[in-house]
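The values are calculated or read from the model by the stated rules, or taken from the named source; none is laboratory data. Source: prediction; values computed, not measured. Positions of Cβ are generated from backbone atoms using ideal geometry, with glycine treated the same way; all protein chains shown enter the neighbour counts. With ligands, DNA and RNA removed, areas are computed over all heavy atoms of the protein, side chains included. Shrake-Rupley method; radii C 1.70, N 1.55, O 1.52, S 1.80 Å.
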Amino acid sequence: MPSHDYDLFIVGAGSGGVRAARVAASHGAKVAIAEESRVGGTCVIRGCVPKKLLVYGSHFREEFEDARHYGWTVADVRFDWPTLIANKDREIDRLNGIYKKLLAESGVTLIESRAVLLDPHTIEVVGRRITAAHILIATGAHPVLPGEPGTELGITSNEAFHLKQMPKRIVIAGGGYIAVEFAGIFNGLGSQVVQLYRGEQILRGFDEDIRIGLAAEMRKKGIDLRVGTTIRRTERAGGALHLTLSDGTVLDTDGVMYAIGRKPNTAGMGLEEAGVACGADGAVMVDEYSQSRVANVYAIGDCTNRLNLTPVAIREGQAFADTVFGQRPTAVDHHTVASAVFSQPPVGTVGVTEAFARLEYGAVDIYRATFRPMKHTLSGRDEKTMMKLVVDRASQRVVGCHMVGLDAPEIIQALAVAVKMGATKQQFDQTVAIHPTAAEEFVTLRTPLPEPQKKAAE
């Protein structure tokens, strides 16, 4: 008789957990998965998918404006927020159903309830104790809120997807990808947007040219982007919110959204009692095979706070299942992973930044182009595209590709293959361009930028 109820019990049915469940089941494992919210996790339910739908919706204002330059007459243009939200909700419901169907078809038992670990092999779900040979933690992360007075009057990205009405004025606190994406969404849909960030420039960790370029384009679109500024206090004043900022100024708005970071969903689920070690931020500490300090307990995705991207969580889930149940030990390579910011204009990037490359490789060649996209030669819109290659001078290997501009994520996805394979600048040069496209610029850049001038010693 089997010594456990299941070969694998997964806590969290997001993209990573679902992938791990299905692959483990395909290897012959008896699998159960618990989810206290909706199947699909952050990305499908309250993250990338609904956000991208809102991004699409927010593009139409500029499209209607630009259309007249191409001979179109667009009259009686109106926007209705409840219609967009209702249609978004219908699509999320559809995807939630698909995820449930995929689990059922794979033979995975879905338990729609919160799960808590009692020991390394025992889980409690809805008052019932279940045992498993292996446990996988895939609980994701959640938005955090600051501690200043009045924080409870604001919202996070979770609530932004379910607002009954769109705020006419909104303040967005934060400078990461979620903050800049929602700034673009609300601005595009017609809200007056103020974005506040405590640092010197948005998108910390990205290449400096991306950070500077995107900030400039956001301001052109009417977003009031203020860096080095935070909210000190929020108070309700009639039907509005009254904000006192760190620079002493005051601001009235209809809504405040905080996008200042996320924290792993690991509290109160018995990890410490089971012997699983977590870091100061609550992230489960794991090795390259996603194994925790407890041999039979693993963790993947945002709850490990390694590289918090949905495709990475999916890859980690696949690797875990292949390692534990497929007899194919697989470690996920977290280097050279492409990413995108669906800002307006969007960002795409793969590889290292110029600053990191100079530290890592010493001598580097930098190729950069800034130009108006062909689409806007008729519309007259003042929007620029920036493309950049970072090349290790010694090997001539392209170690970084960065772009701000129309279709950046779609273009960078293809370039990620080349960077992952170690393509050289000569191989980029030998690639025949597709004309006229923006992407051709990446294979026609020929002249490196001059070396930056070193500051004189003071």
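Along region 324-336 the Karplus relation, 6.51 cos²θ - 1.76 cosθ + 1.60 evaluated at θ = phi - 60°, assigns HN-Hα couplings of 7, 10, x, 6, 10, x, 9, 9, 7, 8, 8, 8, 6 Hz to successive residues, with x for each Gly and Pro.
Going highest first, how would you order 55-65, 405-415 by mean Cβ packing within 10 Å? Walk me through the intermediate numbers first.
On the way: 55-65: 15.7, 405-415: 19.0.
Ranked from most to least packed, the peptides come out as 405-415, 55-65.
How large is the dipole of the chain about the Cα centre if only Lys and Arg carry +1 and Asp and Glu carry -1, each at its Cβ, rounded to the nearest 20 debye?
On the way: 51 positive and 53 negative charges, 91 e Å.
My answer is approximately 440 debye.
Tell me, what % of the accessible area of region 339-458 is carbon and sulfur with a 1.4 angstrom probe? In region 339-458, the share of accessible area belonging to carbon and sulfur is 57 percent. Rounding to the nearest 10 and keeping the result within 0 to 90°, find how far the Cα-based axis of helix 81-105 lies from the longest principal axis of the chain. Result, in degrees: 40. Projecting the Cα atoms of H334, L415, M374 onto the charge dipole of region 307-440 (Cβ charges, centred on the Cα centre) puts M374 farthest toward the positive pole. Counting only protein heavy atoms and a probe of 1.4 Å, the accessible surface of region 31-161 is 54% carbon and sulfur. Each residue, A355 and S37, gets one label point 7 Å from its Cα in the Cβ direction; the gap between the two is 3.1 nm. Taking amide H positions as modeled 1.01 Å from N, with prolines and chain starts lacking one, the residues under 5 Å from I10 and 5 or more places away or on another chain are A32, I33, A34, L136. Angle of helix 15-26 to the longest C-alpha principal axis of the chain, folded into 0 to 90 degrees and rounded to 10: 50°. Accessible area per residue for region 380-431, computed on protein heavy atoms with a 1.4 Å probe, is 42 Å².
If you place +1 on the Cβ of every Lys and Arg, -1 on the Cβ of every Asp and Glu, and leave all else neutral, what size is the dipole of region 86-150 about its Cα centre, to the nearest 20 Debye?
Rounded to the nearest 20 debye, it is 220 debye.
Please report the carbon-and-sulfur percent of the accessible area for region 212-324; probe 1.4 Å, protein heavy atoms only, DNA, RNA and ligands left out.
Answer for region 212-324 is 49 percent, counting heavy atoms of protein chains only.
Computed log10 I(q)/I(0) for region 358-458 at 0.14, 0.16, 0.17 Å⁻¹: -0.58, -0.73, -0.81, from the Debye equation with unit scatterers placed on every C-alpha and solvent omitted. Remark: region 106-231 carries 41 Å² of accessible area per residue (probe radius 1.4 Å; ligands, DNA and RNA excluded). Rolling a 1.4 Å probe over the protein heavy atoms leaves K30 with an accessible area of roughly 110 Å². In the chain, a dipole from Cβ-located charges (positive for Lys and Arg, negative for Asp and Glu) runs towards its positive end, and of Y70, N158, A179 it is Y70 whose Cα lies farthest in that direction. Close amide-amide hydrogen proximity is noted between A173 and L196, M257, Y258, A259, each under 5 Å apart and 5 or more residues distant or on a separate chain (H modeled in the peptide plane; Pro and chain starts excluded). Applying 1/(1 + (r/R0)^6) with R0 = 22 Å to the Cβ-Cβ distance of A67 and T437 gives a FRET efficiency near 0.55. Rounded to the nearest 500, the helix-only mean residue ellipticity at 222 nm of the chain stands at -9500 deg cm²/dmol, with each DSSP H run of n ≥ 4 adding -39,500 (n - 2.57).
Compared with the dominant principal axis of the Cα atoms in the chain, helix 208-220 is inclined by about 70°.
Pull out the extension gain between L102 and Q192, defined as 0.36 nm times the separation in residues minus the alpha carbon to alpha carbon distance; nm, one decimal.
Values: separation 90, 0.36 × 90 = 32.40 nm, distance 4.17 nm.
Working it through step by step, the gained length comes to 28.2 nm.
Rounded to the nearest 20 debye, the dipole magnitude of region 58-168 is 360 debye, with +1 charges on Lys and Arg beta carbons, -1 on Asp and Glu beta carbons, and the Cα centre as origin.
So if each residue of separation counts as 0.36 nm, and I subtract the Cα-Cα distance between L153 and A75, what length gain in nm does that give? Intermediate results must be reported in sequence, preceding the final value.
Working: separation 78, 0.36 × 78 = 28.08 nm, distance 3.80 nm.
Here the segment from L153 to A75 would lengthen by 24.3 nm.
Remark: region 241-370 carries 43 Å² of accessible area per residue (probe radius 1.4 Å; ligands, DNA and RNA excluded).
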